[in-house]
Amino acid sequence: SQQGEEDPQALSIQEGENATMNCSYKTSINNLQWYRQNSGRGLVHLILIRSNEREKHSGRLRVTLDTSKKSSSLLITASRAADTASYFCATAYRPIQGAQKLVFGQGTRLTINP
Amino acid sequence: DAGVTQSPTHLIKTRGQQVTLRCSPKSGHDTVSWYQQALGQGPQFIFQYYEEEERQRGNFPDRFSGHQFPNYSSELNVNALLLGDSALYLCASSSKKGMRETQYFGPGTRLLVL
């Protein structure tokens with residue numbers, strides 16, 4: 001299976017702490033993306049990191065990619081209650097020219113306690 | 001700028017029936033992808049449409065079919081519904097100009113099959 005695996009499946013921390021989620025995958029990718037989902041609603045795109053990049057920042061988010069280990073991590077700094085959600089990594093493949101297919105992991109359920 | 005819209009938001013059907021779900025992509029996007037998300041799981045890729053043709057397909061039976069219209073909107077049809085088809089169906093749009101990398105998701109249609 002090409003599906004990525006996220007670790008941990010669930011994470012509960014205090015507001016203000018940092019949260020780290022990890023993702024591993026099995027085959028070569030074009031890019032890796034992180035999405036957030038609140039209460040079973042639509043997914044919100046957070047950040048994209050290409051296969052030739054090692055680290056990327058966006059606000060309080062920091063993503064790293066290690067293609068030799070086929071793994072990525074998402075760090076959320078100074079967490080807030082509003083960060084409570086499920087976070088998914090999605091690996092992007094181009095099975096045919098012009099198209100892109102996303103393969104999602106099962107997600108990490110993050111709970112921020114006030 | 002309207003985002004991705006989907007209709008209906010919720011739907012209840014019985015086994016054996018047929019269902020049609022609809023999606024309008026984000027303004028400026030020409031590509032639509034469909035995903036199925038079972039409860040507690042990550043989204044699973046169904047298929048992707050652009051230029052009014054199915055360009056790639058995930059591991060879903062022929063009961064799942066789709067269509068893309070000249071205005072880039074799309075439909076997902078599921079025939080002979082099974083209990084296991086109960087899920088959140090997500091539509092995502094992207095653009096050829098953006099190399100179809102980042103996908104923007106709609107709020108989803110929650111289908112319950114009884």
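The values are calculated or read from the model by the stated rules, or taken from the named source; none is laboratory data. Keep in mind it's a predicted model, so treat the numbers as computed, not measured. When we count neighbours, we look across all protein chains shown, and the Cβ atoms used for this are built from the backbone with ideal geometry, even at glycine. The accessibility values were calculated without ligands, DNA or RNA, using every heavy atom of the protein model including side chains. Shrake-Rupley method; radii C 1.70, N 1.55, O 1.52, S 1.80 Å.
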**Request:** Output ³J(HN,Hα) for segment B:102-108: one whole-Hz value per residue in order, computed from phi by the Karplus curve 6.51 cos²θ - 1.76 cosθ + 1.60 with θ = phi - 60°, and x for Gly and Pro.
**Result:** 8, 10, 9, 9, x, x, x
**Fill in**
The alpha-carbon center of segment B:41-114 and that of segment A:18-33 are separated, in whole Å, by 23 Å
**Prompt:** Per residue, how much accessible area does segment A:1-107 have with a 1.4 Å probe, in Å²?
**Reply:** 47 Å²
**Asked** What figure in square angstrom, to the nearest 10, would you give for the accessible area of B:PHE45 with a 1.4 Å probe?
**Response** 10 Å²
**Complete:** Note to self: with every protein chain in place and a 1.4 Å probe, segment B:1-81 gives an accessible area per residue in Å² of 50 Å²
**Those lysines that a straight Cα-Cα span of less than 30 Å connects to B:LYS13, excepting residues fewer than 8 apart in one chain** = A:LYS101, B:LYS26
**Item:** Whichever aspartates and glutamates have a C-alpha closer than 16 Å to that of B:LYS97, once near sequence neighbours (fewer than 8 apart) are set aside
**Value:** B:ASP30, B:GLU51
**Fill in**
Net charge (Lys, Arg +1; Asp, Glu -1) of residues whose beta-carbon lies under 14 Å from that of A:GLY59, A:GLY59 excluded, is +4
**Complete:** For the pair B and A, the solvent-accessible area buried on both sides (1.4 Å probe; DNA, RNA and ligands excluded), in Å² to the nearest hundred, is 1800 Å²
**Message:** From the phi angles alone, apply the Karplus equation (6.51, -1.76, 1.60; θ = phi - 60°) to segment B:67-81 and give each ³J(HN,Hα) in whole Hz, x where the residue is Gly or Pro.
**Reply:** 7, 10, 9, x, 8, 6, 5, 9, 10, 10, 10, 10, 9, 6, 4
**Asked** If you add up the charges near B:VAL19, with Lys and Arg at +1 and Asp and Glu at -1, over every other residue whose beta carbon is less than 13 angstrom from its beta carbon, what do you get?
**Response** +3
**Prompt:** Roughly speaking, to the nearest percent, how much of chain A's 1.4 Å accessible area is carbon and sulfur?
**Reply:** 43 percent
